[in-house]
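Below you'll find the structure, written out as structure tokens, and then a few comments.
The values are calculated or read from the model by the stated rules, or taken from the named source; none is laboratory data. Keep in mind that what you see is a predicted model, and the values were worked out from it rather than measured. Don't worry about glycine lacking a Cβ; one is built from the backbone with ideal geometry, like all the others, and counts go over all protein chains shown.
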Amino acid sequence: MYYVIKIFLSSILILIISEVSKKSSIMGSIFASLPLLSILAFIWLYYDTGDKSKIAALSNGIFWLVIPSLSLFISLPLLLKKFEFYVSLLLSVIIMLICYYIMIFILGKFGIKI
């Protein structure tokens, strides 16, 4: 039952964001930019483990990986001008994954482990 509740709450958030976005791209953007998924992950992880160090490690990892994830939001609008939606989305995800790899590599050089 616990997993059903987790899935239900997470799904509701995605549904709300997509429905709000249909009516107002600004409001949809605001809701989507909130770290709601991260907050839910912190709550579920704490509930499951009670381990504050795991939550701190997750928060630290999210912080560093937000930076390369921004490449998707930069590349997608640019690619949409030249390609169809699914091609643009796929290319943006590939660019983002490359940026993740580069970020993890760079962090490793500075001794930062995620």
Only residues that are under 22 Å from Leu70 (Cα atoms) and either loosely packed, with under 12 Cβ neighbours inside 10 Å or modelled with pLDDT under 85 (or both): list them for region 14-35, please. Ser24, Ser25, Ile26, Phe31, Ala32, Ser33, Leu34
Which pairs do you get when a residue that is under 15 Å from Ile95 (Cβ atoms), found in region 59-74, comes within reach of a residue that is hydroxyl-bearing (Ser, Thr, Tyr), reach meaning Cβ atoms under 6 angstrom, with the pair 6+ apart or on two chains? Pro68/Tyr100; Leu72/Ser92
Name the pairs whose Cβ atoms lie under 7 Å apart, with the first residue in region 14-29 and more than 18 Å from Leu40 (Cβ to Cβ), the second surrounded by 11 or more Cβ atoms within 10 Å (Cβ to Cβ) and at pLDDT below 90, and 6 or more positions between them or separate chains? Ser21/Gly28; Gly28/Ile17
Got at least one residue in region 44-57 being at positive phi and modelled with pLDDT of 95 or more? yes
Of Leu34, Leu76, Leu80, which residue is under 21 Å from Tyr100 (Cβ atoms) and aliphatic (A, V, I, L, M)? Leu76
Before we move on, is Gly111 farther than 30 Å from Ile5 by Cβ and among the small types (Gly, Ala, Ser)? yes
Subset tally (residues that are exposed (fewer than 15 other Cβ atoms within 10 Å of the Cβ) and under 21 Å from Ser33 (Cα atoms)) for region 43-55: 1
